[in-house]
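A.B. asks: One structure, pasted below without further comment.
The values are calculated or read from the model by the stated rules, or taken from the named source; none is laboratory data. Small disclaimer: the values here were computed from a predicted structure and weren't measured. Positions of Cβ are generated from backbone atoms using ideal geometry, with glycine treated the same way; all protein chains shown enter the neighbour counts. Quick note on the areas: whole protein, heavy atoms, side chains included, nothing else; ligands and nucleic acids left out. Shrake-Rupley method; radii C 1.70, N 1.55, O 1.52, S 1.80 Å.
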Amino acid sequence: MVSRVIPVSPFDLVIFGGTGDLAQRKILPGLFRRFVAGQIPTESRIIGAARADMDDAGYRDLIRAAIEEHAGKHSADKDAVEDFLRHLSYVPVDAMGEGGWKELQELLVDDEERVRAFYFSVGPNLFGPLAEQLRSHGLAQRESRIVVEKPFGHDLETARALNEELAQHFYEDQIYRIDHYLGKETVQNLMAVRFGNMLFEPLWNAQYIDHIQITVAETVGVGGRGSYYDNSGAMRDMVQNHLMQLLCLIAMEPPARFEADAVRDEKLKVIRALDPVDPDQIVRGQYTSDGTCASYREDAENPASKTESYIALKCFISNWRWANTPFYLRTGKRLSGRASEIAIVFKETPHSIFGIDSGRHRNVLSIRLQPNEGMTLGVTIKEPGPGGMRLVDVPLDMTFADALGEQAEDVTDAYERLIMDVIRGNQTLFMRGDEVEAAWAWTDPLIEGWERRGDNPKPYDAGSAGPDDAAFLINRDGRRWRSIKG
Ligand code: NAP
(Lines give C-alpha, C1' and ligand atoms only; values in the text may rest on other atoms or scores of the structure.)
Protein backbone atom coordinates (compact mmCIF):
# COMPACT_ATOMS: atom_id res chain seq x y z
CA MET A 1 0.00 0.00 0.00
CA VAL A 2 1.48 3.37 -0.98
CA SER A 3 0.68 6.35 1.23
CA ARG A 4 -0.46 9.39 -0.71
CA VAL A 5 0.90 12.80 0.21
CA ILE A 6 -1.18 15.69 -1.07
CA PRO A 7 1.07 18.65 -1.96
CA VAL A 8 0.33 22.16 -0.73
CA SER A 9 1.42 25.55 -2.06
CA PRO A 10 4.19 27.46 -0.29
CA PHE A 11 2.92 29.16 2.87
CA ASP A 12 3.95 31.35 5.79
CA LEU A 13 3.19 29.96 9.24
CA VAL A 14 3.68 32.13 12.30
CA ILE A 15 3.60 30.33 15.65
CA PHE A 16 2.85 32.75 18.48
CA GLY A 17 4.14 30.98 21.56
CA GLY A 18 6.75 29.33 19.33
CA THR A 19 9.02 28.71 22.34
CA GLY A 20 6.31 27.15 24.55
CA ASP A 21 5.63 23.59 25.60
CA LEU A 22 3.04 22.83 22.92
CA ALA A 23 5.21 24.26 20.15
CA GLN A 24 8.23 22.26 21.25
CA ARG A 25 6.49 18.96 21.95
CA LYS A 26 3.88 18.86 19.21
CA ILE A 27 3.73 21.63 16.63
CA LEU A 28 7.34 21.83 15.44
CA PRO A 29 8.16 18.10 15.67
CA GLY A 30 4.93 17.53 13.73
CA LEU A 31 5.91 20.05 11.06
CA PHE A 32 9.30 18.36 10.81
CA ARG A 33 7.63 15.02 10.12
CA ARG A 34 5.51 16.66 7.41
CA PHE A 35 8.71 18.10 5.98
CA VAL A 36 10.25 14.62 5.83
CA ALA A 37 7.06 13.43 4.12
CA GLY A 38 7.65 16.08 1.44
CA GLN A 39 4.69 18.25 2.39
CA ILE A 40 6.46 21.51 3.20
CA PRO A 41 7.37 23.25 -0.05
CA THR A 42 10.86 24.75 -0.20
CA GLU A 43 9.70 28.39 -0.26
CA SER A 44 7.57 28.03 2.89
CA ARG A 45 8.54 29.85 6.08
CA ILE A 46 7.88 28.93 9.66
CA ILE A 47 8.30 31.81 12.08
CA GLY A 48 8.43 31.42 15.84
CA ALA A 49 7.22 34.44 17.82
CA ALA A 50 7.28 35.07 21.56
CA ARG A 51 8.58 37.73 23.92
CA ALA A 52 11.93 36.07 24.69
CA ASP A 53 14.89 37.82 23.10
CA MET A 54 16.45 35.36 20.69
CA ASP A 55 17.85 35.31 17.16
CA ASP A 56 17.21 32.80 14.37
CA ALA A 57 20.25 30.70 15.36
CA GLY A 58 19.11 30.51 18.98
CA TYR A 59 15.62 29.49 17.91
CA ARG A 60 16.93 26.80 15.59
CA ASP A 61 19.04 25.41 18.44
CA LEU A 62 15.94 25.28 20.64
CA ILE A 63 13.88 23.52 18.00
CA ARG A 64 16.70 21.14 17.02
CA ALA A 65 16.69 19.87 20.60
CA ALA A 66 12.88 19.66 20.59
CA ILE A 67 12.89 17.62 17.38
CA GLU A 68 15.54 15.25 18.73
CA GLU A 69 13.39 14.66 21.79
CA HIS A 70 9.92 14.52 20.28
CA ALA A 71 10.02 13.76 16.53
CA GLY A 72 10.65 10.01 16.76
CA LYS A 73 12.77 7.98 14.37
CA HIS A 74 13.02 10.65 11.64
CA SER A 75 15.12 12.89 13.89
CA ALA A 76 18.05 10.48 13.38
CA ASP A 77 18.39 11.93 9.86
CA LYS A 78 20.58 14.93 10.79
CA ASP A 79 20.62 16.33 7.24
CA ALA A 80 16.84 16.37 7.16
CA VAL A 81 16.76 18.16 10.52
CA GLU A 82 19.17 20.84 9.29
CA ASP A 83 17.24 21.25 6.01
CA PHE A 84 14.04 21.71 7.98
CA LEU A 85 15.62 24.19 10.39
CA ARG A 86 16.55 26.41 7.44
CA HIS A 87 12.81 27.15 7.04
CA LEU A 88 12.68 28.58 10.56
CA SER A 89 13.13 32.11 11.80
CA TYR A 90 12.25 33.90 14.99
CA VAL A 91 10.87 37.33 15.85
CA PRO A 92 10.51 38.69 19.37
CA VAL A 93 6.91 39.95 19.56
CA ASP A 94 4.77 40.92 22.51
CA ALA A 95 1.11 40.12 21.89
CA MET A 96 0.17 42.92 24.26
CA GLY A 97 2.69 45.50 23.07
CA GLU A 98 3.96 47.30 20.00
CA GLY A 99 7.39 45.69 19.67
CA GLY A 100 8.15 43.23 16.89
CA TRP A 101 5.15 43.67 14.58
CA LYS A 102 7.02 45.59 11.90
CA GLU A 103 9.80 42.98 11.85
CA LEU A 104 7.20 40.25 11.51
CA GLN A 105 5.52 42.08 8.65
CA GLU A 106 8.86 42.28 6.81
CA LEU A 107 9.40 38.54 7.11
CA LEU A 108 6.06 37.64 5.54
CA VAL A 109 5.88 37.30 1.78
CA ASP A 110 4.02 40.24 0.26
CA ASP A 111 1.51 38.29 -1.80
CA GLU A 112 -2.27 38.51 -1.33
CA GLU A 113 -2.72 34.98 -2.66
CA ARG A 114 -0.25 33.33 -0.35
CA VAL A 115 -1.57 31.37 2.61
CA ARG A 116 -0.64 32.92 5.94
CA ALA A 117 -1.44 30.94 9.04
CA PHE A 118 -1.09 32.37 12.53
CA TYR A 119 -1.09 29.71 15.25
CA PHE A 120 -2.13 31.11 18.65
CA SER A 121 -0.16 28.72 20.88
CA VAL A 122 -0.35 31.12 23.80
CA GLY A 123 -2.57 31.51 26.85
CA PRO A 124 -6.27 32.11 26.09
CA ASN A 125 -6.12 35.68 27.44
CA LEU A 126 -4.02 36.53 24.36
CA PHE A 127 -6.34 35.10 21.66
CA GLY A 128 -8.40 38.29 21.31
CA PRO A 129 -5.47 40.73 21.56
CA LEU A 130 -3.49 38.77 18.95
CA ALA A 131 -6.39 38.83 16.49
CA GLU A 132 -6.65 42.58 16.95
CA GLN A 133 -2.90 43.13 16.57
CA LEU A 134 -2.82 41.15 13.31
CA ARG A 135 -5.60 43.27 11.88
CA SER A 136 -4.33 46.63 13.13
CA HIS A 137 -0.80 45.98 11.86
CA GLY A 138 -2.13 44.97 8.47
CA LEU A 139 -0.83 41.39 8.66
CA ALA A 140 -4.16 39.71 8.03
CA GLN A 141 -5.34 39.35 4.45
CA ARG A 142 -8.13 37.28 2.92
CA GLU A 143 -5.93 34.18 2.61
CA SER A 144 -4.86 34.44 6.26
CA ARG A 145 -6.05 31.95 8.89
CA ILE A 146 -5.80 31.89 12.65
CA VAL A 147 -5.51 28.69 14.66
CA VAL A 148 -6.92 28.99 18.16
CA GLU A 149 -5.90 26.56 20.89
CA LYS A 150 -8.03 25.33 23.74
CA PRO A 151 -9.55 26.38 26.07
CA PHE A 152 -12.08 28.25 23.97
CA GLY A 153 -13.84 30.16 26.74
CA HIS A 154 -14.54 29.21 30.32
CA ASP A 155 -18.32 29.11 29.89
CA LEU A 156 -20.96 30.17 27.36
CA GLU A 157 -20.60 33.86 28.12
CA THR A 158 -16.82 33.97 27.70
CA ALA A 159 -16.90 31.72 24.63
CA ARG A 160 -19.50 33.98 23.03
CA ALA A 161 -17.44 37.07 23.86
CA LEU A 162 -14.33 35.47 22.33
CA ASN A 163 -16.25 34.47 19.19
CA GLU A 164 -17.47 38.05 18.86
CA GLU A 165 -13.98 39.43 19.41
CA LEU A 166 -12.44 37.17 16.77
CA ALA A 167 -15.30 37.93 14.39
CA GLN A 168 -14.39 41.62 14.48
CA HIS A 169 -11.12 40.78 12.74
CA PHE A 170 -11.62 37.48 10.88
CA TYR A 171 -14.39 35.72 8.98
CA GLU A 172 -15.54 32.37 10.35
CA ASP A 173 -13.90 30.60 7.40
CA GLN A 174 -10.55 31.98 8.61
CA ILE A 175 -10.89 30.72 12.20
CA TYR A 176 -9.61 27.23 13.04
CA ARG A 177 -10.56 26.21 16.59
CA ILE A 178 -8.43 23.21 17.35
CA ASP A 179 -9.58 20.07 19.13
CA HIS A 180 -6.69 17.71 18.60
CA TYR A 181 -8.88 14.67 19.28
CA LEU A 182 -10.47 15.29 15.88
CA GLY A 183 -7.05 15.00 14.27
CA LYS A 184 -6.48 11.48 15.55
CA GLU A 185 -6.30 8.80 12.91
CA THR A 186 -8.78 6.52 14.66
CA VAL A 187 -11.34 9.26 15.07
CA GLN A 188 -11.39 9.78 11.35
CA ASN A 189 -11.40 6.07 10.85
CA LEU A 190 -14.56 5.97 12.92
CA MET A 191 -16.21 8.03 10.19
CA ALA A 192 -14.69 5.82 7.48
CA VAL A 193 -16.05 2.71 9.18
CA ARG A 194 -19.48 4.22 9.75
CA PHE A 195 -20.01 5.78 6.36
CA GLY A 196 -17.76 3.68 4.14
CA ASN A 197 -19.24 0.26 4.91
CA MET A 198 -22.72 -1.12 4.44
CA LEU A 199 -22.23 -3.27 7.50
CA PHE A 200 -22.53 -0.79 10.35
CA GLU A 201 -24.78 2.13 9.50
CA PRO A 202 -28.04 0.11 9.28
CA LEU A 203 -27.39 -1.10 12.85
CA TRP A 204 -26.20 2.27 14.14
CA ASN A 205 -29.25 3.24 16.17
CA ALA A 206 -31.31 2.65 19.29
CA GLN A 207 -32.85 -0.49 17.89
CA TYR A 208 -29.55 -2.40 17.77
CA ILE A 209 -27.20 -0.52 20.06
CA ASP A 210 -27.59 -1.07 23.80
CA HIS A 211 -25.33 1.74 24.94
CA ILE A 212 -22.15 3.64 24.21
CA GLN A 213 -19.17 4.27 26.47
CA ILE A 214 -16.60 6.99 25.92
CA THR A 215 -13.56 6.83 28.19
CA VAL A 216 -10.52 9.07 28.36
CA ALA A 217 -8.39 7.82 31.24
CA GLU A 218 -5.05 9.31 32.19
CA THR A 219 -2.44 8.13 34.67
CA VAL A 220 -0.89 11.56 35.15
CA GLY A 221 -2.06 14.07 37.75
CA VAL A 222 -2.47 17.79 37.32
CA GLY A 223 0.96 18.64 38.80
CA GLY A 224 2.60 21.46 36.89
CA ARG A 225 -0.63 23.04 35.75
CA GLY A 226 -2.54 22.62 39.00
CA SER A 227 -3.58 26.23 39.40
CA TYR A 228 -4.96 26.42 35.85
CA TYR A 229 -6.70 23.07 36.22
CA ASP A 230 -8.23 23.96 39.58
CA ASN A 231 -10.11 26.76 37.89
CA SER A 232 -11.31 24.37 35.22
CA GLY A 233 -11.88 20.71 36.20
CA ALA A 234 -12.56 17.61 34.14
CA MET A 235 -15.90 18.85 32.80
CA ARG A 236 -14.47 22.02 31.28
CA ASP A 237 -11.05 20.59 30.41
CA MET A 238 -12.18 17.36 28.75
CA VAL A 239 -15.94 16.79 28.46
CA GLN A 240 -17.07 20.10 26.97
CA ASN A 241 -14.62 19.72 24.10
CA HIS A 242 -12.95 16.33 23.50
CA LEU A 243 -15.58 13.89 24.76
CA MET A 244 -18.36 16.00 23.28
CA GLN A 245 -16.66 15.98 19.89
CA LEU A 246 -16.30 12.20 19.98
CA LEU A 247 -19.94 11.84 20.98
CA CYS A 248 -20.96 14.01 18.04
CA LEU A 249 -19.06 11.91 15.51
CA ILE A 250 -20.65 8.73 16.82
CA ALA A 251 -24.15 10.11 17.04
CA MET A 252 -24.46 12.46 14.05
CA GLU A 253 -26.57 11.70 11.00
CA PRO A 254 -24.63 10.96 7.81
CA PRO A 255 -23.63 14.30 6.31
CA ALA A 256 -24.39 14.64 2.61
CA ARG A 257 -20.68 15.18 1.89
CA PHE A 258 -17.46 14.99 3.89
CA GLU A 259 -17.18 18.76 3.91
CA ALA A 260 -16.68 21.25 6.70
CA ASP A 261 -20.14 22.74 7.03
CA ALA A 262 -22.02 19.55 6.15
CA VAL A 263 -20.21 17.68 8.96
CA ARG A 264 -20.40 20.54 11.45
CA ASP A 265 -24.12 21.09 10.83
CA GLU A 266 -24.75 17.46 11.79
CA LYS A 267 -22.55 17.67 14.90
CA LEU A 268 -24.34 20.81 16.02
CA LYS A 269 -27.72 19.04 15.75
CA VAL A 270 -26.44 16.32 18.11
CA ILE A 271 -25.30 18.80 20.75
CA ARG A 272 -28.61 20.62 20.55
CA ALA A 273 -30.50 17.34 20.99
CA LEU A 274 -28.65 16.42 24.21
CA ASP A 275 -30.97 16.27 27.21
CA PRO A 276 -30.05 18.11 30.40
CA VAL A 277 -28.43 15.67 32.84
CA ASP A 278 -29.93 15.02 36.29
CA PRO A 279 -27.48 15.51 39.17
CA ASP A 280 -27.83 11.84 40.18
CA GLN A 281 -26.47 10.86 36.75
CA ILE A 282 -23.19 12.67 37.35
CA VAL A 283 -20.32 11.46 39.55
CA ARG A 284 -17.44 13.80 40.23
CA GLY A 285 -14.23 12.63 41.88
CA GLN A 286 -10.92 13.92 43.17
CA TYR A 287 -7.80 11.76 43.54
CA THR A 288 -6.14 11.22 46.88
CA SER A 289 -2.55 10.21 47.45
CA ASP A 290 -1.60 6.54 47.21
CA GLY A 291 1.64 7.27 49.07
CA THR A 292 3.69 7.51 45.87
CA CYS A 293 2.18 10.71 44.48
CA ALA A 294 0.62 13.91 45.73
CA SER A 295 -3.13 14.23 46.16
CA TYR A 296 -5.16 16.42 43.84
CA ARG A 297 -5.46 19.12 46.49
CA GLU A 298 -1.69 19.12 47.01
CA ASP A 299 -1.10 19.29 43.24
CA ALA A 300 -3.60 22.13 42.94
CA GLU A 301 -2.16 23.83 46.04
CA ASN A 302 -5.71 24.33 47.23
CA PRO A 303 -6.51 22.35 50.41
CA ALA A 304 -10.25 23.14 50.12
CA SER A 305 -10.61 22.56 46.38
CA LYS A 306 -13.96 21.24 45.13
CA THR A 307 -12.75 20.85 41.55
CA GLU A 308 -13.20 17.43 39.96
CA SER A 309 -10.22 15.53 38.55
CA TYR A 310 -12.68 12.81 37.45
CA ILE A 311 -16.17 12.86 36.04
CA ALA A 312 -18.56 10.18 34.86
CA LEU A 313 -22.02 10.90 33.54
CA LYS A 314 -24.90 9.33 31.70
CA CYS A 315 -26.65 11.33 29.02
CA PHE A 316 -29.28 10.88 26.34
CA ILE A 317 -29.80 12.32 22.90
CA SER A 318 -33.43 13.10 22.26
CA ASN A 319 -33.89 12.22 18.65
CA TRP A 320 -35.34 9.38 16.62
CA ARG A 321 -32.04 7.54 16.14
CA TRP A 322 -30.91 7.50 19.77
CA ALA A 323 -34.09 7.62 21.88
CA ASN A 324 -33.45 5.93 25.26
CA THR A 325 -29.90 4.85 24.37
CA PRO A 326 -27.55 5.83 27.20
CA PHE A 327 -24.20 7.40 26.46
CA TYR A 328 -21.85 6.88 29.40
CA LEU A 329 -18.95 9.33 29.45
CA ARG A 330 -16.00 9.27 31.87
CA THR A 331 -12.63 10.90 32.08
CA GLY A 332 -10.13 11.38 34.86
CA LYS A 333 -6.58 11.86 36.03
CA ARG A 334 -4.40 9.47 38.06
CA LEU A 335 -6.40 6.44 36.99
CA SER A 336 -5.15 2.86 36.72
CA GLY A 337 -4.34 3.12 33.02
CA ARG A 338 -3.87 5.53 30.15
CA ALA A 339 -6.57 4.58 27.71
CA SER A 340 -8.97 6.40 25.46
CA GLU A 341 -11.71 4.31 23.96
CA ILE A 342 -15.12 4.55 22.39
CA ALA A 343 -17.10 1.35 22.86
CA ILE A 344 -20.28 0.74 20.88
CA VAL A 345 -22.06 -2.05 22.75
CA PHE A 346 -24.68 -3.78 20.62
CA LYS A 347 -27.78 -5.50 21.98
CA GLU A 348 -27.95 -9.24 22.44
CA THR A 349 -29.58 -11.33 19.76
CA PRO A 350 -33.34 -11.39 20.44
CA HIS A 351 -33.32 -15.14 21.06
CA SER A 352 -30.57 -17.69 21.63
CA ILE A 353 -31.07 -20.86 19.64
CA PHE A 354 -28.15 -22.46 21.50
CA GLY A 355 -29.65 -22.42 24.98
CA ILE A 356 -28.63 -20.44 28.01
CA ASP A 357 -25.64 -22.64 28.90
CA SER A 358 -23.85 -22.04 25.63
CA GLY A 359 -22.82 -18.48 26.58
CA ARG A 360 -24.08 -15.30 24.93
CA HIS A 361 -22.07 -12.24 24.12
CA ARG A 362 -22.80 -8.78 22.95
CA ASN A 363 -20.91 -7.51 19.94
CA VAL A 364 -18.72 -4.59 20.95
CA LEU A 365 -17.05 -2.29 18.47
CA SER A 366 -14.12 -0.78 20.31
CA ILE A 367 -12.37 2.25 18.85
CA ARG A 368 -9.11 2.89 20.68
CA LEU A 369 -7.58 6.33 20.47
CA GLN A 370 -4.63 5.44 22.66
CA PRO A 371 -2.57 3.44 23.20
CA ASN A 372 -2.34 1.24 20.06
CA GLU A 373 -4.74 3.24 17.91
CA GLY A 374 -7.09 0.84 16.24
CA MET A 375 -10.45 -0.88 16.23
CA THR A 376 -11.69 -4.24 17.41
CA LEU A 377 -15.03 -5.85 16.74
CA GLY A 378 -16.00 -8.59 19.17
CA VAL A 379 -17.89 -11.39 17.39
CA THR A 380 -19.35 -14.58 18.73
CA ILE A 381 -18.16 -17.87 17.26
CA LYS A 382 -18.21 -21.52 18.23
CA GLU A 383 -15.47 -22.61 20.57
CA PRO A 384 -13.46 -25.17 18.57
CA GLY A 385 -13.57 -28.82 19.48
CA PRO A 386 -16.13 -31.47 20.32
CA GLY A 387 -18.54 -31.34 23.21
CA GLY A 388 -21.46 -29.36 21.88
CA MET A 389 -22.11 -25.80 20.90
CA ARG A 390 -20.21 -23.50 23.24
CA LEU A 391 -19.92 -19.90 22.17
CA VAL A 392 -16.93 -17.69 22.59
CA ASP A 393 -16.29 -14.00 21.97
CA VAL A 394 -13.28 -13.32 19.72
CA PRO A 395 -11.94 -10.00 18.52
CA LEU A 396 -11.76 -9.11 14.86
CA ASP A 397 -8.73 -6.92 15.23
CA MET A 398 -8.40 -3.90 13.00
CA THR A 399 -5.32 -2.55 14.78
CA PHE A 400 -3.47 -0.44 12.26
CA ALA A 401 -0.10 -2.01 13.00
CA ASP A 402 -1.39 -5.44 11.96
CA ALA A 403 -3.61 -4.38 9.09
CA LEU A 404 -1.42 -1.78 7.46
CA GLY A 405 2.08 -2.96 8.28
CA GLU A 406 4.82 -0.39 7.83
CA GLN A 407 2.41 2.32 6.82
CA ALA A 408 0.90 2.22 10.29
CA GLU A 409 4.24 3.11 11.86
CA ASP A 410 3.87 6.50 10.26
CA VAL A 411 0.37 7.20 11.57
CA THR A 412 0.28 10.96 11.45
CA ASP A 413 0.10 12.75 14.76
CA ALA A 414 -3.07 14.76 15.31
CA TYR A 415 -1.33 18.14 15.35
CA GLU A 416 0.57 17.69 12.12
CA ARG A 417 -2.55 16.56 10.29
CA LEU A 418 -4.54 19.50 11.59
CA ILE A 419 -1.86 22.05 10.73
CA MET A 420 -1.73 20.76 7.16
CA ASP A 421 -5.53 21.02 7.03
CA VAL A 422 -5.20 24.68 8.04
CA ILE A 423 -2.74 25.27 5.22
CA ARG A 424 -5.10 23.55 2.77
CA GLY A 425 -8.07 25.54 4.06
CA ASN A 426 -10.01 22.48 5.17
CA GLN A 427 -12.11 23.22 8.28
CA THR A 428 -13.87 19.84 8.52
CA LEU A 429 -11.96 18.77 11.62
CA PHE A 430 -12.19 22.12 13.41
CA MET A 431 -14.97 23.35 15.64
CA ARG A 432 -17.25 26.06 14.38
CA GLY A 433 -18.18 28.94 16.70
CA ASP A 434 -21.80 27.85 17.10
CA GLU A 435 -20.73 24.30 18.00
CA VAL A 436 -18.51 25.53 20.81
CA GLU A 437 -21.27 27.75 22.14
CA ALA A 438 -23.83 24.93 22.00
CA ALA A 439 -21.46 22.67 23.93
CA TRP A 440 -21.06 25.30 26.65
CA ALA A 441 -24.82 25.85 26.71
CA TRP A 442 -25.18 22.15 27.62
CA THR A 443 -22.38 21.98 30.21
CA ASP A 444 -22.95 25.34 31.94
CA PRO A 445 -26.17 24.38 33.80
CA LEU A 446 -24.56 21.14 35.02
CA ILE A 447 -21.57 23.03 36.43
CA GLU A 448 -23.77 25.77 37.88
CA GLY A 449 -25.88 23.06 39.53
CA TRP A 450 -23.05 21.46 41.50
CA GLU A 451 -21.53 24.82 42.31
CA ARG A 452 -24.87 26.10 43.64
CA ARG A 453 -25.36 22.98 45.73
CA GLY A 454 -21.76 23.11 46.96
CA ASP A 455 -21.24 19.44 46.02
CA ASN A 456 -17.96 17.91 47.07
CA PRO A 457 -16.28 15.54 44.61
CA LYS A 458 -15.91 11.93 45.84
CA PRO A 459 -12.37 10.96 46.81
CA TYR A 460 -10.73 8.11 44.88
CA ASP A 461 -7.35 6.47 45.25
CA ALA A 462 -4.69 7.48 42.77
CA GLY A 463 -4.10 4.46 40.52
CA SER A 464 -7.68 3.18 40.87
CA ALA A 465 -10.52 3.09 38.33
CA GLY A 466 -12.17 6.17 39.88
CA PRO A 467 -14.76 6.65 42.65
CA ASP A 468 -16.99 3.69 43.60
CA ASP A 469 -20.06 5.76 42.81
CA ALA A 470 -19.00 5.88 39.17
CA ALA A 471 -19.22 2.08 39.02
CA PHE A 472 -22.65 2.30 40.66
CA LEU A 473 -23.77 4.84 38.02
CA ILE A 474 -23.58 2.17 35.31
CA ASN A 475 -24.01 -1.01 37.40
CA ARG A 476 -27.48 0.02 38.53
CA ASP A 477 -28.51 -0.10 34.87
CA GLY A 478 -27.25 -3.70 34.66
CA ARG A 479 -24.14 -2.68 32.71
CA ARG A 480 -20.43 -2.44 33.47
CA TRP A 481 -17.64 -0.09 32.56
CA ARG A 482 -15.09 -1.63 30.27
CA SER A 483 -11.78 -2.13 32.00
CA ILE A 484 -9.21 0.62 31.74
CA LYS A 485 -6.12 -1.00 30.32
CA GLY A 486 -3.20 1.11 29.44
P1 NAP B 1 3.56 27.69 27.60
O2 NAP B 1 4.55 26.58 27.63
O3 NAP B 1 3.34 28.50 28.84
O4 NAP B 1 4.03 28.69 26.42
C5 NAP B 1 3.44 29.93 26.24
C6 NAP B 1 4.12 30.62 25.06
O7 NAP B 1 3.52 31.90 24.87
C8 NAP B 1 5.60 30.86 25.26
O9 NAP B 1 6.26 30.72 24.03
C10 NAP B 1 5.65 32.33 25.72
O11 NAP B 1 6.93 32.87 25.47
C12 NAP B 1 4.55 32.91 24.83
N13 NAP B 1 3.97 34.15 25.36
C14 NAP B 1 3.49 34.38 26.59
N15 NAP B 1 3.06 35.65 26.70
C16 NAP B 1 3.27 36.23 25.50
C17 NAP B 1 3.04 37.53 24.96
N18 NAP B 1 2.51 38.50 25.71
N19 NAP B 1 3.35 37.75 23.68
C20 NAP B 1 3.89 36.79 22.91
N21 NAP B 1 4.14 35.54 23.34
C22 NAP B 1 3.84 35.26 24.63
O23 NAP B 1 2.12 27.21 27.13
P24 NAP B 1 1.77 25.91 26.25
O25 NAP B 1 1.66 24.75 27.15
O26 NAP B 1 2.69 25.83 25.09
O27 NAP B 1 0.27 26.24 25.79
C28 NAP B 1 -0.02 27.18 24.77
C29 NAP B 1 -1.51 27.13 24.48
O30 NAP B 1 -1.85 25.83 24.02
C31 NAP B 1 -2.40 27.40 25.69
O32 NAP B 1 -3.57 28.07 25.27
C33 NAP B 1 -2.77 26.01 26.18
O34 NAP B 1 -4.00 25.99 26.88
C35 NAP B 1 -2.87 25.28 24.86
N36 NAP B 1 -2.65 23.83 24.96
C37 NAP B 1 -1.45 23.34 25.38
C38 NAP B 1 -1.27 21.97 25.45
C39 NAP B 1 0.05 21.38 25.88
O40 NAP B 1 0.18 20.16 25.84
N41 NAP B 1 1.02 22.17 26.28
C42 NAP B 1 -2.30 21.09 25.08
C43 NAP B 1 -3.52 21.62 24.64
C44 NAP B 1 -3.67 22.99 24.58
P45 NAP B 1 7.44 34.21 26.19
O46 NAP B 1 7.16 34.04 27.64
O47 NAP B 1 8.90 34.28 25.86
O48 NAP B 1 6.68 35.33 25.59
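A.B. asks: Quick one, what does Rg over Rh come out to for the chain if you take C-alpha atoms and the Kirkwood Rh?
C.D. replies: Details: Rg = 23.8 Å, Rh = 24.2 Å.
We get a ratio of 0.98 for the chain.
A.B. asks: If amide hydrogens are placed 1.01 Å from N in the peptide plane, which non-local residues have theirs closer than 5 Å to the one on Y287?
C.D. replies: The answer is Y296, S309, Y460.
A.B. asks: By the scheme Lys and Arg +1, Asp and Glu -1, what is the net charge of all other residues having a beta-carbon under 11 Å from that of G99?
C.D. replies: Working: positive: R51, K102; negative: D53, D94, E98, E103.
Summing Lys/Arg as +1 and Asp/Glu as -1 gives -2.
A.B. asks: Could I ask something else about it? Using +1 at the C-beta of Lys and Arg and -1 at the C-beta of Asp and Glu, which of I27, A256, I367 has the Cα lying farthest in the positive direction of the dipole of the chain?
C.D. replies: I367
A.B. asks: Kirkwood hydrodynamic radius for region 24-83: how many Å is it when counted over pairs of different Cα atoms?
C.D. replies: On the way: mean 1/r = 0.0833 Å⁻¹.
Value: 12.0 Å, from the Cα pair sum.
A.B. asks: Treat every Asp and Glu Cβ in region 187-337 as -1 and every Lys and Arg Cβ as +1, leave all other atoms uncharged, and give the resulting dipole magnitude about the Cα centre to the nearest 20 debye.
C.D. replies: Values: 16 positive and 18 negative charges, 23 e Å.
Result for region 187-337 is approximately 100 debye, rounded to the nearest 20.
A.B. asks: Let me have the relative contact order for the chain, percent, based on Cα pairs under 8 Å that are six or more residues apart. Each step should come with its number before you reach the end.
C.D. replies: Numbers: 871 pairs, mean separation 83.8, N = 486.
Averaging sequence separation for qualifying contacts and normalising by length gives 17 percent for the chain.
A.B. asks: Specify the inter-centroid distance of region 96-121 and region 296-363, based on alpha-carbon positions, in whole Å.
C.D. replies: Each part reduced to its Cα centre gives a spacing of 45 Å.
A.B. asks: Cα-Cα over 27 Å: which of K267/K314; K73/K267; K73/K150; K150/K306? Before the final figure, lay out the partial values.
C.D. replies: Values: K267/K314 19 Å; K73/K267 37 Å; K73/K150 29 Å; K150/K306 23 Å.
Over 27 Å apart, Cα to Cα: K73/K267; K73/K150.
A.B. asks: Now for a separate question. Can you give the Rg and Dmax of region 170-272 based on its C-alpha atoms, in angstrom?
C.D. replies: In order Rg, Dmax, the Cα atoms of region 170-272 give 16.1, 48 Å.
A.B. asks: Roll a 1.4 angstrom probe over the protein heavy atoms and tell me the percent of accessible area of the chain that is carbon or sulfur. Walk me through the numbers on the way to the answer.
C.D. replies: Numbers: 10890 of 21790 Å².
Exposed carbon and sulfur together represent 50 percent of the surface.
A.B. asks: Calculate how many DSSP beta bridges within the chain are antiparallel, expressed in % of all such bridges and rounded to the nearest 5. Mind dumping the intermediate values first?
C.D. replies: On the way: 37 of 72 bridges.
Looking only at bridges with both residues in the chain, the antiparallel portion is about 50 percent.
A.B. asks: Continuing with this model, one more query. Rounded to whole Hz and in sequence order, give me ³J(HN,Hα) for region 131-142 from the Karplus expression 6.51 cos²θ - 1.76 cosθ + 1.60, θ = phi - 60°, writing x for Gly and Pro.
C.D. replies: 4, 5, 4, 4, 5, 5, 8, x, 8, 8, 10, 4
A.B. asks: Give the accessible surface of the chain per residue, rounded to a whole number of Å², with probe radius 1.4 Å and ligands, DNA and RNA excluded. Numbers along the way, then the final one.
C.D. replies: Working: 21790 Å² over 486 residues.
Here the per-residue accessible area is 45 Å².
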